[in-house]
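A short write-up of the structure that comes next.
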Amino acid sequence: MDDNPLREEFDTGLSKIRQEIKSRLVPHGLFGSVTQVDIDPTERGPAGSKIEIMVKGRTVGRSFDRRQIEACRLRVGGEVLAGIIAMVDEVSA
């Protein structure tokens, strides 16, 4: 388990975002992989993350900053939710 309390809210937000993406793919009959890459990691944690969805050979991605990701620790919403919806629409088209 990660003992870094500075990453706890960030990692929880990423987990919620991954769950939201997967739940939005299901109604389209799609299953895909979700990956994330930390942006500018420091000892205080990353500045953000680039999240990518890969479905049937198609890949789309968006970058979100730390503030946006940590705001999703309880519920995904706002700019992040809009980005997720756009990414799912892109891969399902």
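The values are calculated or read from the model by the stated rules, or taken from the named source; none is laboratory data. Since we're looking at a predicted model, the values are computed, not measured. When we count neighbours, we look across all protein chains shown, and the Cβ atoms used for this are built from the backbone with ideal geometry, even at glycine. The protein model used for the area step is the full one, side chains on, heavy atoms only, and it has no ligands, DNA or RNA in it. Shrake-Rupley method; radii C 1.70, N 1.55, O 1.52, S 1.80 Å.
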When segment 17-49 is examined, which residues are found to be open to solvent by 70 Å² or more (accessible area, probe 1.4 Å) and either under 14 Å from R75 (Cα atoms) or assigned to a helix (DSSP H, G or I) (or both)? R18, Q19, K22, R24, V26, P27, H28
Can you give me the number of residues within segment 54-93 that are part of a helix (DSSP H, G or I) and either open to solvent by 70 Å² or more (accessible area, probe 1.4 Å) or over 20 Å from E8 (Cα atoms) (or both)? 15
Checklist (1) exposed (fewer than 15 other Cβ atoms within 10 Å of the Cβ); (2) among the polar types (S, T, N, Q); (3) assigned to a helix (DSSP H, G or I) applied to T12, failing item: (1)
I'd like to know if segment 31-53 contains one or more residues that are farther than 21 Å from D11 by Cα and of a type in the set (A, V, I, L, M). no
Subset of segment 63-86 [among the aliphatic types (A, V, I, L, M) and within 10 Å of K16 (Cα to Cα)]: I69, L74, V76
